[in-house]
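One structure is given below, encoded as structure tokens.
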């Protein structure tokens with residue numbers, strides 16, 4: 001099973017091409033062009049992984065992170081910052097807000113991103129099973 | 001006012017305030033020196049007057065003794081009176097001479113000259129009485145005693161002396177008053193100087209704090225700018241990269257052989273463009289002092305092997321022999337993996353660019369006591385001696401002797417040097433024209 005992926009990206013070209021790649025690879029995919037739309041999509045689409053750009057109009061990635069309801073840890077999606085900003089200070093502040101990882105967009109291709117997301121999800125499932133197994137036993 | 005301007009303006013004000021403090025200190029010092037000089041002058045004058053008064057008192061005493069001795073001789077005819085008489089007249093003459101010299105230039109000098117003349121007259125009268133007696137004119141000599149002229153001159157001498165003493169006392173008093181008033185002024189000036197100096201010192205401190213704050217704001221603004229520029233420059237390049245990568249992967253439908261070849265070339269150019277953007281932004285960060293290290297534990301041999309793996313195809317496609325000599329055992333150290341990778345990668349990339357076909361590149365990793373090093377040696381075109389001192393400067397590159405086909409920004413070695421500096425490491429180069437170049441990066445090794 002592949003995770004539900006929400007792609008939050010204001011650049012049309014990047015959003016379109018990545019959405020196409022995720023769909024081609026079989027990920028249930030939704031897109032949002034800014035943080036505000038993404039917050040609505042989180043409740044409707046209930047993504048398991050969010051690829052989040054930082055600099056966007058209306059609402060940026062940082063504000064989205066602050067506003068995202070993280071009370072239900074089990075159903076809070078993994079948030080991967082997918083941005084072209086590579087300033088150390090920015091990375092540290094979003095990691096503090098609970099991001100899973102920070103990928104600098106220009107270092108990645110759609111294929112690599114799809115692979116990495118799939119790998120991350122696989123790890124999550126292994127971790128989840130490991131946590132559940134003592135209870136089962 | 002922009003941030004940078006404020007900073008410069010503050011520095012300018014700090015210098016003005018410091019100049020003011022120095023000027024005030026000079027005013028304070030000069031006032032103190034003047035006050036002291038004046039006090040010394042008054043003390044000298046006072047000493048001088050005391051000496052003169054002492055001389056005059058002695059003079060009157062000698063004159064009195066001379067008169068008494070002369071009278072004794074004239075009344076008794078006893079020669080014994082003549083010895084003290086002669087002695088005291090000699091003393092009186094000497095004292096008159098000293099007084100004349102000491103008062104030279106003093107306002108009462110003319111009074112001293114008049115006193116000299118009166119005393120000389122009086123001494124002449126005494127001499128005349130003795131001369132008459134010695135010549136046997138007893139009556140004449142006794143008459144000289146009773147003429148009354150002697151008491152007139154003696155009175156004039158006493159008045160002259162007291163006049164001189166009064167003049168001296170007046171002068172002394174005037175000096176004291178002048179010193180007192182100047183001392184008051186000096187005290188006022190000193191207090192004002194002290195107050196103003198403290199005020200200026202507070203102002204300097206305030207401006208200094210402001211200037212530091214402005215510098216921080218400027219650094220922050222620079223960092224913001226670099227982040228923004230980084231985002232804006234990378235976004236369109238990333239869009240192109242995504243599409244080209246999808247095309248190459250066949251995600252957008254199958255491509256013909258020639259189409260795939262050229263799309264791959266476009267992707268390579270696009271990736272090179274992104275690398276150049278990254279290099280420029282890293283230089284901007286390094287210049288703004290914001291190239292921050294994110295150190296973690298790593299194994300140096302593995303890192304160098306990864307750099308080699310990334311570039312092996314490009315190097316071997318130029319028919320260059322690539323050799324890797326790893327260290328005898330793993331070298332663990334604390335470093336920023338991404339930046340160290342970039343530094344090693346820049347050196348290897350440089351070796352590839354400047355080594356002609358069928359050349360040789362050797363990469364070696366060594367461990368010495370407390371340090372680890374990476375050596376990249378090539379059999380390339382070498383570096384001219386005149387260029388050696390600039391090789392690590394920004395936008396510098398060895399002269400292109402291979403015919404203008406060397407790409408790059410000329411920033412790779414500059415960044416490698418900055419990355420080594422951030423790690424407290426060094427980078428050294430040795431080269432022989434037309435024979436090759438050797439770069440050695442050395443890092444301090446801190447076991448974790």
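Please treat every number below as a calculation from the coordinates, not as lab data. Predicted model, so just to flag it, every value in this text is computed and none were measured. All Cβ positions, glycine included, derive from the backbone under ideal geometry; neighbour counts span all protein chains shown.
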*Take every residue in peptide A:98-107, count the Cβ atoms of other chains within 10 Å of its Cβ, and give the average of those counts.*
4
_Relative contact order of segment A:5-136, pairs being alpha-carbon contacts under 8 Å that are 6 or more residues apart, as %_ = 21 percent
*asked:* Using a Gaussian network model on chain B with a 10 Å cutoff between Cα atoms, which of B:352, B:216, B:53 fluctuates the most?
replied: B:53
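Say R0 is 51 Å: what FRET efficiency, to the nearest 0.05, do residue B:68 and residue B:26 get from their beta-carbon distance?
That pair, residue B:68 with residue B:26, gives E of 0.20.
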*residue B:313 to residue A:97: FRET efficiency via 1/(1 + (r/R0)^6), r the Cβ-Cβ distance, R0 41 Å, to the nearest 0.05?*
0.55
*Using label points projected 7 Å from each Cα along Cα→Cβ, tell me how many nm separate residue B:109 and residue A:75, to one decimal.*
11.6 nm
*Under the rule of -39500 (n - 2.57) per DSSP H run of 4 or more residues, summed and divided by the residues of chain B, what mean residue ellipticity at 222 nm is obtained, to the nearest 500 deg cm²/dmol?*
-25000 deg cm²/dmol
_Between segment B:416-438 and segment B:190-240, the Cα center-to-center distance that results, in Å_ = 34 Å
_If I take every Cα pair under 8 Å that is 6 or more residues apart in segment B:217-286, average their sequence separation and divide by the length, what percent do I get for the relative contact order?_
43 percent
_Beta bridge orientation in the protein assembly as shown: antiparallel %, DSSP, nearest 5_ = 55 percent
*With each run of n ≥ 4 DSSP H residues scored as -39500 (n - 2.57), what mean residue ellipticity at 222 nm is computed for chain A after dividing by its residue count and rounding to the nearest 500 deg cm²/dmol?*
-15500 deg cm²/dmol
*Divide, for segment B:293-444, the radius of gyration over alpha carbons by 2.2 N^0.38 Å, where N is the residue count.*
0.99
*Mean projected area in nm² (Cα convex hull; one quarter of hull surface) for chain B*: 44.4 nm²
*May I have the extent of the alpha carbons of the protein assembly as shown along their three principal axes, as whole Å values ordered from largest to smallest?*
164, 64, 52
_Spacing of the two label points (7 Å from each Cα toward its C-beta) at residue B:174 and residue B:433, in nm_ = 8.8 nm
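Expressed in nm², what is the orientationally averaged projection area of the convex hull enclosing the Cα positions of segment B:3-208?
Taking the Cα atoms of segment B:3-208, their convex hull projects to 15.0 nm² on average.
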*Please report how far the C-alpha centroid of segment B:43-80 lies from that of segment B:282-350, rounded to the nearest whole angstrom.*
109 Å
*So if we plug the beta-carbon distance of residue B:134 and residue B:94 into 1/(1 + (r/R0)^6) with R0 = 25 Å, what FRET efficiency do we get, rounded to 0.05?*
0.55
